[in-house]
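A.B. asks: First the structure, which I've put down as structure tokens, then a few questions once you've had a look.
Any read-out appearing in this document is the output of simple, stated calculations on the displayed coordinates, not a laboratory observation. Bear in mind the structure is a predicted one, so any value in this text is a computation, not a measurement. As a convention, Cβ positions derive from the backbone with ideal geometry for all residues, glycine included, and neighbour counts pool all protein chains shown.
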Amino acid sequence: MKLAIIGTGYVGLVAGTCFSDSGNDVTCVDVDARKVESLRAGRVPIYEPGLEDLVRKNASAGRLSFSTDVGAAVAGAKAVFIAVGTPEGENGEADLQYVLAAARQVGRALTGYCVIVDKSTVPVGTADKVRAVVAAVTSHPFDVVSNPEFLKEGAALDDFLKPDRVVVGVDSDQARALMAELYAPFVRTEHPVLFMDTRSAELTKYAANAMLATRISFMNDVAALCERVGADVDMVRKGMGADRRIGYPFLFPGVGYGGSCFPKDVKALATTAREHGLAFDLLQAVERTNARQKRLMVEKARAHFGGLEGRAFALWGLSFKPRTDDMREAPSVEIVSGLLAAGATVRVHDPVAMDAARRVLGDRVTYCANPYEALEGADALVVVTEWNDYRHPDFDRVKAALKSPIIFDGRNIYDPRLLAARGFTCHGVGRPQRAGAAG
């Protein structure tokens with residue numbers, strides 16, 4: 001099947017590559033000529049495990065190509081996926097200008113019946129707007145489908161190739177049949193394709209992300225309570241997760257959520273609710289909790305040292321989560337900014353996000369080639385992203401490099417009792433403080 005993907009960002013590139021891997025003829029289109037040339041050369045602009053190899057494989061096989069020419073890509077395509085950005089607007093709403101501009105271009109390029117698929121995360125009613133924009137510029141028949149993505153950065157290929165469900169909002173039998181055929185190779189193990197109306201599909205994406213963000217924020221509030229009453233959030237988490245109605249995923253407290261989805265989608269869903277006369281107080285609380293949580297490690301450091309002027313900190317982990325170089329809404333940015341504003345200096349390391357971090361943090365921090373280099377001369381270590389690289393360091397080497405054996409564990413990846421036995425003082429999230437040697 002001939003397909004066109006408009007947008008080669010995270011969603012578009014993963015979708016186009018995976019569709020080509022199942023035998024489809026896919027052209028990915030982007031307005032950025034330099035990006036297109038880089039992709040043609042087999043260089044992927046984002047870090048996602050396995051993606052670069054899969055791009056090269058399918059490009060070599062002739063199933064995957066990259067272009068700046070929307071007209072050539074859309075002509076004769078059975079389906080066109082719009083996967084462009086929907087940045088946050090001034091009032092928290094999703095900005096649809098790029099989606100509607102892409103839809104207009106697609107409409108002008110149609111040569112016959114086509115299914116136009118909204119793959120971008122869009123608010124309720126976007127399919128209707130896309131339909132109106134396309135209808136204004138073409139006489140060819142078409143259908144508009146909502147097909148939200150549910151990819152986890154760091155595991156996107158598995159999520160696309162082996163989805164737990166595929167959500168498709170359709171308004172015609174013809175579009176439904178085409179989408180069922182397209183996704184058939186990915187749901188052979190009986191994971192469902194959930195067909196519904198377009199508005200329900202659009203809302204499903206926002207509701208799912210808001211629920212996951214709520215779980216994270218709820219556990220961060222529980223962690224705060226644990227610290228006040230002397231409980232251990234890890235024990236509480238295990239007790240809660242054993243309830244099958246709740247389960248363990250997304251019950252880990254930490255320094256807050258980030259990335260391209262949760263922050264933007266929570267705001268967009270709250271804005272949609274507000275536009276329809278609903279306050280949705282819970283989501284406002286989720287946002288407040290997340291903002292507070294990103295400041296937590298700085299507050300703990302200030303409480304421990306009494307003041308941060310002239311202090312130096314090592315920071316491990318910059319990306320908003322492991323297995324990605326995505327710095328969007330990363331808690332590390334808030335933590336670094338808070339430390340610097342208090343008069344401290346910061347030395348940082350991340351396994352893959354150093355280049356991306358430079359574009360955000362500039363020359364305000366010192367970038368180190370390995371984790372131990374970041375420790376040199378630091379008063380304490382702050383762990384921000386739970387990369388496997390940091391889970392089992394040489395603690396004797398860590399202790400020798402630090403001015404004082406202090407660790408602020410923003411992801412609870414270390415056992416505070418073991419650290420205390422080694423002479424460290426560990427400040428976790430929602431756990432009783434374990435003091436070792438004086439800092």
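A.B. asks: Figure the gain on full extension for Leu282 and Met354 (residue separation times 0.36 nm, minus the Cα-Cα span) and round it to one decimal in nm.
C.D. replies: Values: separation 72, 0.36 × 72 = 25.92 nm, distance 3.51 nm.
Taking Leu282 through Met354 to full extension adds about 22.4 nm, to one decimal.
A.B. asks: To continue, here is another question. Under 16 Å Cα-Cα from Lys129, which lysines qualify once same-chain neighbours fewer than 8 residues away are excluded?
C.D. replies: Lys119
A.B. asks: Given a Förster distance of 30 angstrom, what is the FRET efficiency for Thr189 paired with Tyr113, based on the Cβ-Cβ distance and rounded to 0.05?
C.D. replies: Step by step, r from the Cβ atoms, then E = 0.45.
A.B. asks: Percent relative contact order of segment 293-422, based on C-alpha pairs within less than 8 angstrom and at least six residues apart?
C.D. replies: Reported relative contact order: 28 percent.
A.B. asks: Working from Cα positions, state the angle (0 to 90°, nearest 10) between the long axis of helix 281-294 and the longest principal axis of the chain.
C.D. replies: Helix 281-294 sits at roughly 50 degrees to that axis.
A.B. asks: Taking 7 Å along the Cα-to-C-beta vector as the label spot, tell me the Ala400-Val137 distance in nanometres, rounded to one decimal.
C.D. replies: 6.4
A.B. asks: Among Asn147, Asn91, Asn412, which one shows the biggest mean-square fluctuation in a GNM of the chain, springs joining Cα atoms closer than 10 Å?
C.D. replies: Highest fluctuation among the options: Asn91.
A.B. asks: Further question: Would you please give the FRET efficiency between Met1 and Ala208, computed as 1/(1 + (r/R0)^6) with r the Cβ-Cβ distance and R0 = 30 Å, to the nearest 0.05?
C.D. replies: 0.65
A.B. asks: Also: Report the residues of segment 296-331 in range of a label on Thr366: point 7 Å along Cα→C-beta, backbone N strictly under 17 Å from it.
C.D. replies: Answer for this model: 309-317.
A.B. asks: Of Ile246, Ile46, Ile116, which has the largest mean-square fluctuation in a 10 Å C-alpha GNM of the chain?
C.D. replies: The residue with the greatest mean-square fluctuation here is Ile246.
A.B. asks: Of all alpha-carbon pairs in the chain, indicate the percentage at a distance above 32 angstrom.
C.D. replies: Result for the distance tail: 43 percent.
A.B. asks: In deg cm²/dmol and to the nearest 500, what is the mean residue ellipticity at 222 nm of the chain if only DSSP H runs of at least 4 residues count, each as -39500 (n - 2.57), divided by the residue total? Kindly include the intermediate steps, with their values, before the conclusion.
C.D. replies: Values: 18 runs with 191 residues, N = 439.
Helix-only estimate at 222 nm: -13000 deg cm²/dmol.
A.B. asks: Which whole-number percentage describes the relative contact order of the chain, with Cα contacts under 8 Å and a sequence gap of 6 or more?
C.D. replies: Details: 894 pairs, mean separation 50.1, N = 439.
Relative CO of the chain lands at 11 percent.
A.B. asks: Which peptide among 118-124, 361-367, 15-21 comes first, and what is the full order, when sorted by highest mean count of other Cβ atoms within 10 Å?
C.D. replies: In decreasing order of mean packing, 118-124, 361-367, 15-21 become 15-21, 118-124, 361-367.
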